[in-house]
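For reference, the structure is listed below as structure tokens.
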Amino acid sequence: MEIEEAGITIFAPISGVIVPITEAPDPTFAEKMVGDGIAIDPTEETLCSPCDGKIIQVHPSGHALNIAAADGTEILLHIGVDTVGLKGKGFKAFVRDGDLVKRHDRLIEFDADYVAQNAPSLMTMVVVTAEGASVRPLASGLSVSGETAILNVTFPSAEDGKTSGGGGQSRESAPIVIMNPDGLHARPSAVLSSNARRFSSVVTIKTGDKEANAKSVVGVMGLSIKLHDKVVIAAVGPDAAEAVDVLTPLVAAGLGENLHVVPGQTKDTVKPAPAPSLRPSESDDPNVMSGVPASPGLVAGKVHQLMDFAVEIEKEGIGQTEERKDLNAAVAKAVAELGQIEKSLRLSSDTSKAAIFAAHKEILEDPELKETALAGIKEGQSAAYAWRESYLAQSKAMAALDNPLLAARAADIRDIGERVLSHLVGFEKRSATVPPQVILLAQDLTPSDAANLNKSGVRGFCLAGGSATSHSSILARAAGLPAVVAAPERILSIPNGSMAILDGDKGFLKVNPSPLELEKVKQMQEEAARIRRQEMDAASQPAMTTDGAIIKICGNISGAPEAAEIPGLGGDGVGLLRSEFLFLDRAEAPSEEEQVETYVDIARNLGPNKELIVRTLDVGGDKPLAYMPLPEEVNPFLGLRGIRLNMLSEEIFTSQVRAILKAASWTRLGVMFPMVSSISEFEAARDIVLSEKEKMGLTTPVQLGVMVEVPSAALMADLLAKEVDFFSIGTNDLTQYTLAIDRGHPKLAKMADALHPAVLKLIKITVEAAHKEGKWVGICGGVAGDVLAAPALIGLGIDELSVSVKGIPTIKAAVRRLSLARCREIAQEAVSFKTAEQVREFLSSVAKEGQP
């Protein structure tokens, strides 16, 4: 900017072809409603500052900003026509509100190809919005960014600029609800300002405790008025009454834009959704047995009881030497088998299953299990009898633990014991005798049972024991087998061959279904298959709402094979890499080299344009490590977990940080810290990352964020948002800590619902705080993959949903059916209910609208 006697000079913010503002392909600008200026058809993709000045406002969609020159002259820079509808896609801002800039500083970069394909025009407007300004074009033809002087701006003298303004009558409108889909952005703000300037009175627009000069486009835009906000038009002066009478209906009518009007549905009018026809309550139908959903899917078939071993074993041995020799040989064979299984799974890159059998091998090599059996042999027992007594006693002790996740490991002890016992007495494992195409019923399943089920063609299983966190449940989800756990004990008395329906989504088994119900299951399966084909066909399309909002859909993973699936399923990257899969179920921590190899492999599978968010080691509480002994805690879930343990084990944490950073050159990397409850915890972890980054000489940007998993993090989000680059809400733990319900407890699991209004309100607080600071928010908890919950989460302002990898196409398809404006209405209603059940009933009724 140059200040001269004749006014100020504005320089080209972008290189391109200069076009008179009256020829702009948008009447709002062509008719100078916003102000006078010039248009440029760009030949590059970087918008720079046209003068020295201060950024007044960067539009949330990143397509426009307002800048004040050194003398206060306000200038609007607007890239393209109707680009507000792109919701930020294709734009990247490099400045924030309040930043001081110099001429030719970079302000915004944009993807010209994407914008040109998705908006009517790339024409970029440079408009002086200051009231009373006289604007004279200085150039034509081609402009060079930062060099070509394009506009001269002068102002009339103070005498010339007098208005009657402040004296006279005053008038104020009733509150007006804004129904413009994108609020009062540049176009409607310009229409309001243009009309307000017709009056000599001082005209203001108010919203909440904020107000602005209605004759200033920048002032109106600076209020950030959104859909459903309430505003008041006020005027003071000789024509105040006329101004309010004219402007009020203009604002109510949308200021020239098409309004988004959806018949509202309030909580008072919501009727409870009828119970699904396939699942009457147990009190209504004794054939229905409800449990905890462990793996999704709907199947019908004959049931088969998987009975425990009934093997006759001699108690008395034939001599200590022979019995010890037999036991050692059987253990050695089992160790070799487990080693071979683990090796085979690792060669096929199935690291999650491999880790389970590696853990079995280590448990088997643990001396305590074997020593108890040797003590029995010393007392004269046979190797088989002594071994069985030893592993059953340990399994029983593990099952009695208060910690549900550790109790679920009882099945692992039994599985290991049965493997050795099979070598001692020569029987086949029970899963080898399962007939094909059945729904399996059992007290519990060992991991070996579950790993073999898919091979035998089992359709699904229902257990009287177990939990959704057991290894069997994990393997069922990996295999795509529907599963229900913690069902009533009476499932064990259902005769073999009985027909049944198993619903792993809703968590129930129904025996003796009617022919009509079986036909309905078949139809639902066919419809699900058809929908899945459609979702896969459209997987590469963006998750864009019907009114143009883009939601990132990423995957939650625990290894490289899942990462390799994401691009083909249309995912935007990895929203949660559970790095603890490298650390669990082993005797010592992984080396830094092993970690680097894994992280780089995952990053390569994703590619340079995908996001990879790595959660640092999240152990303690429900995930103990053998090589990181912790003092016994009365309540480990409230003790050394997540970031607290990271800071106590700084050597392991720092090594992991270095390994993660080495993947930065392969993909768009982010690092987030688990279980953060205070700002000081984040600052300590951040300082370590920045220090290691500096030592490595790494200049590639790496985003640093926190998991919002405890209420304190959500309630302090306004302060955390000033420090972090993003938030990722872990709704599983956030729900657990908010509602004081152990999410792994088989009897209470159903009550731990992330759609509880208290949890939704914490999400709302987090999102509002983050967006105020220009930070994004994702959800990586289980609710992110719940199609029913999607409208509420998107309406609360969530920017990213990270789900199980195979669920990516389904959630993307769900988003494409939604309207952001309607989602905001839905979210507002959802947080007003009293219970999670009411929220689910409301969302079910919304889903029945057909088009939320």
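Screening the range 796-821 for residues that are more than 17 Å from A563 (Cα to Cα) and among the polar types (S, T, N, Q) and picking the one that is least open to solvent (accessible area, probe 1.4 Å) gives S819.
Going residue by residue through the range 537-553, is there one that turns out to be within 30 Å of A358 (Cβ to Cβ) and not charged (D, E, K, R)? No, the conditions are met nowhere in the range 537-553. Tell me, yes or no, whether the range 19-29 has at least one residue that is more than 19 Å from A190 (Cα to Cα) and part of a strand (DSSP E or B). Yes, some residue in the range 19-29 is more than 19 Å from A190 (Cα to Cα) and part of a strand (DSSP E or B).
If you go through the range 1-57 and pick out every residue that is closer than 19 Å to D82 by Cβ, at pLDDT 85 or above, open to solvent by less than 60 Å² (accessible area, probe 1.4 Å) and of a type in the set (D, E, K, R), you end up with 0.
Considering R136, R103, which residue is at pLDDT below 90, among the basic types (K, R) and open to solvent by 40 Å² or more (accessible area, probe 1.4 Å)?
R136
When the residues of the range 471-506 are narrowed to those that are modelled with pLDDT of 85 or more and assigned to a helix (DSSP H, G or I), which ends up farthest from P296 (Cα to Cα)? Result: R490. Need pairs with beta-carbon distance below 8 Å; first residue over 22 Å from K552 (Cβ atoms) and within the range 702-726, second among the polar types (S, T, N, Q) and at pLDDT below 95; sequence gap 6+ or separate chains. Filtered contacts from the range 702-726: V710/S677; P711/T738; S712/S677; S712/S678; M716/S678.
If you filter the range 755-783 down to residues that are among the small types (G, A, S) and touching a residue at least 60 places away in the same chain (Cβ under 8 Å), you find that the one that is nearest to K92 (Cα to Cα) is G774. For the range 494-508, filtering for residues that are closer than 28 Å to A790 by Cβ and touching a Gly at 6+ places or on another chain (Cβ under 9 Å) leaves 7.
Residue by residue, here is whether (1) over 39 Å from the mean Cα position of the chain (by Cα); (2) surrounded by fewer than 19 Cβ atoms within 10 Å (Cβ to Cβ); (3) within 30 Å of I491 (Cα to Cα) holds:
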| residue | (1), (2), (3) |
| --- | --- |
| A294 | no, no, yes |
| H304 | no, no, yes |
| E312 | yes, yes, yes |
| G319 | yes, yes, no |
| E323 | yes, no, no |
| K333 | yes, yes, no |
| L338 | no, no, no |
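Tell me, please, whether a residue that is surrounded by 20 or more Cβ atoms within 10 Å (Cβ to Cβ), among the aliphatic types (A, V, I, L, M), farther than 30 Å from V839 by Cβ and at pLDDT below 85 can be found in the range 172-184. Yes; the residues of the range 172-184 include at least one that is surrounded by 20 or more Cβ atoms within 10 Å (Cβ to Cβ), among the aliphatic types (A, V, I, L, M), farther than 30 Å from V839 by Cβ and at pLDDT below 85.
Of all the listed residues (K89, K54), the sole one being outside any loop (DSSP other than H, G, I, E, B), in contact (Cβ under 8 Å) with a residue 12 or more places away in the chain and among the charged types (D, E, K, R) is K54. Among residues of the range 21-33 that are in contact (Cβ under 8 Å) with a residue 40 or more places away in the chain, those with a Cβ under 8 angstrom from a residue that is in a loop (DSSP other than H, G, I, E, B) and open to solvent by less than 10 Å² (accessible area, probe 1.4 Å), sequence gap 6+ or separate chain, pair up as T28/V34. Within the range 822-834, which residues are open to solvent by 40 Å² or more (accessible area, probe 1.4 Å) and within 10 Å of I794 (Cα to Cα)? Listed by number, the list holds a single entry, R824.
Taken over the range 148-163, the criterion of being modelled with pLDDT of 80 or more and over 17 Å from L77 (Cβ atoms) is satisfied by N152, T154.
Within the range 94-120, count every residue that is touching a residue at least 60 places away in the same chain (Cβ under 8 Å) and either over 30 Å from T154 (Cβ atoms) or part of a loop (DSSP other than H, G, I, E, B) (or both).
Of all residues in the range 94-120, those touching a residue at least 60 places away in the same chain (Cβ under 8 Å) come to 96, 103-104, 106-112, 120.
The next check asks that each one be either over 30 Å from T154 (Cβ atoms) or part of a loop (DSSP other than H, G, I, E, B) (or both); those that pass are 96, 103-104, 109-112, 120.
Residues flagged as touching a residue at least 60 places away in the same chain (Cβ under 8 Å) and either over 30 Å from T154 (Cβ atoms) or part of a loop (DSSP other than H, G, I, E, B) (or both) within the range 94-120 amount to 8.
For the structure I just gave you, tell me whether G376 is at pLDDT 85 or above, at positive phi and not hydrophobic (A, V, I, L, M, F, W, C).
Working: at pLDDT 85 or above: yes; at positive phi: no; not hydrophobic (A, V, I, L, M, F, W, C): yes.
Against the criterion (at pLDDT 85 or above, at positive phi and not hydrophobic (A, V, I, L, M, F, W, C)), G376 does not qualify.
Residues in the range 229-254 that are in contact (Cβ under 8 Å) with a residue 12 or more places away in the chain and of a type in the set (G, A, S): A234, A235, G237, A240, A241, A243, A252, G254.
Residues that are in contact with a helix residue (DSSP H, G or I) (Cβ under 8 Å, 6 or more places away or on another chain), open to solvent by 70 Å² or more (accessible area, probe 1.4 Å) and not in a helix (DSSP H, G or I) were ranked within the range 517-561; the one that is nearest to P809 (Cα to Cα) is Q541. Looking across S677, S649, one residue alone is open to solvent by less than 40 Å² (accessible area, probe 1.4 Å), of a type in the set (G, A, S) and within 23 Å of the chain's Cα centre (by Cα). It is S677.
Criterion first (aliphatic (A, V, I, L, M) and open to solvent by 10 Å² or more (accessible area, probe 1.4 Å)) does V217 satisfy it? If you could, list the steps in order and put the result at the bottom.
Numbers: aliphatic (A, V, I, L, M): yes; open to solvent by 10 Å² or more (accessible area, probe 1.4 Å): no.
No.
Where the second residue is open to solvent by 50 Å² or more (accessible area, probe 1.4 Å) and of a type in the set (S, T, Y) and the first is modelled with pLDDT of 85 or more and lies in the range 386-403, which pairs have Cβ atoms under 6 Å and are six or more apart or on separate chains? Taking only residues 6 or more apart or on different chains, the pairs are S390/T372. Is one or more of the residues making up the range 835-849 open to solvent by 10 Å² or more (accessible area, probe 1.4 Å) and within 17 Å of the chain's Cα centre (by Cα)? No: zero hits.
Condition check ((1) within 16 Å of the chain's Cα centre (by Cα); (2) modelled with pLDDT under 95) across all residues:
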residue: S540; (1), (2): no, yes
residue: M544; (1), (2): yes, yes
residue: D547; (1), (2): no, yes
residue: I553; (1), (2): yes, no
residue: V574; (1), (2): yes, no
residue: R578; (1), (2): yes, yes
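Checked against (1) under 24 Å from A30 (Cα atoms); (2) in contact with an Asp or Glu (Cβ under 9 Å, 6 or more places away or on another chain); (3) surrounded by 17 or more Cβ atoms within 10 Å (Cβ to Cβ), P120 passes all but condition (3).
The values are calculated or read from the model by the stated rules, or taken from the named source; none is laboratory data. As the structure is a computational prediction, the values presented were derived from the model and not from experiment. In this analysis, Cβ positions are derived from the backbone assuming ideal geometry, glycine residues included, and neighbour counts consider all displayed protein chains. Heavy atoms of the whole protein, side chains included, go into the accessibility calculation; ligands, DNA and RNA do not. Shrake-Rupley method; radii C 1.70, N 1.55, O 1.52, S 1.80 Å.
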